[in-house]
Amino acid sequence: MSDQEQITRLLVRAAGGDRKAVDDLFPVVYQQLRKIAQNKLRPERANHTLNATALVHEAYIKLINQEQMEWQNRAHFYAIAATAMRRILVDYARNRNAEKRGGGNVFITLNDEIMSAETKAERIVELDDAIGRLEAINERQAKVVVLRFFGGLKESEIGESLNISLATVKRDWRLARAWLARELGNIPNPNDN
């Protein structure tokens with residue numbers, strides 16, 4: 001049985017209330033979740049108090065403590081995990097801003113030209129707010145941004161998770177990226193692809 005099949009079976013059992021499946025799932029998905037978390041935390045400052053292990057564990061706890069777990073497949077699970085990691089990172093940035101206005105850099109990148117590699121915690125909060133506004137306009141485009149940026153999913157995995165074609169994912173990403181660039185005040189050069 002492939003890892004994908006094993007994960008999907010464990011997810012179905014966990015969604016059915018099988019607590020052993022929840023326990024068995026964590027070691028199987030841990031490395032991928034850690035890879036996603038490390039990718040998101042790589043640009044952070046060296047003394048950042050939130051590490052990949054803590055982010056993975058906190059996200060997993062949020063996932064398994066849901067009253068209703070309805071994971072359709074592996075990609076859907078990672079999409080939900082990406083959303084949980086987004087909330088954790090945004091909450092961390094908000095708390096950091098509240099503690100020290102203007103202090104404590106949180107370094108993030110948005111895969112392309114939307115944000116520079118060196119941004120402050122308030123930029124991650126601005127990004128989250130902008131994603132919220134985008135969600136009100138186009139929920140699917142907002143989901144594509146969250147899955148790509150916070151979840152680190154590939155375009156094909158995003159398509160699988162949202163049950164849309166690869167062409168739709170690419171179009172949504174291109175449109176959402178342009179909209180976010182305008183909202184965040186960083187307008188990309190129209191000559192860039």
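The values are calculated or read from the model by the stated rules, or taken from the named source; none is laboratory data. This structure is a prediction, so every number in the text was calculated from the model and none was measured. No Cβ is skipped: glycine too gets one built from the backbone with ideal geometry, and neighbour counts run over all protein chains shown.
For region 1-42, what are the residues that are among the hydroxyl-bearing types (Ser, Thr, Tyr) and surrounded by 15 or more Cβ atoms within 10 Å (Cβ to Cβ)? Within region 1-42, Thr8 is the sole residue that qualifies. Any idea how many residues of region 161-181 are crowded, with 16+ Cβ neighbours inside 10 Å and under 16 Å from Ile131 (Cβ atoms)? Selection size over region 161-181: 8.
Restricting to region 1-27, give me the number of residues that are farther than 22 Å from Glu160 by Cβ and acidic (Asp, Glu). Here the count works out to 3. Considering region 150-187, the residues that are in a helix (DSSP H, G or I) and in contact (Cβ under 8 Å) with a residue 60 or more places away in the chain include one that is nearest to Phe77 (Cα to Cα), namely Ser161. Taking the listed residues Arg94, Arg101, the one that is modelled with pLDDT under 65 and either crowded, with 22+ Cβ neighbours inside 10 Å or over 12 Å from the mean Cα position of the chain (by Cα) (or both) is Arg101, with no other qualifying. Once region 147-160 is narrowed to residues that are surrounded by fewer than 23 Cβ atoms within 10 Å (Cβ to Cβ) and within 21 Å of Ile88 (Cβ to Cβ), the residue that is modelled with the lowest pLDDT is Gly152.
The single condition from (1) crowded, with 17+ Cβ neighbours inside 10 Å; (2) over 28 Å from Ile64 (Cα atoms); (3) modelled with pLDDT of 85 or more that Leu184 fails is (3).
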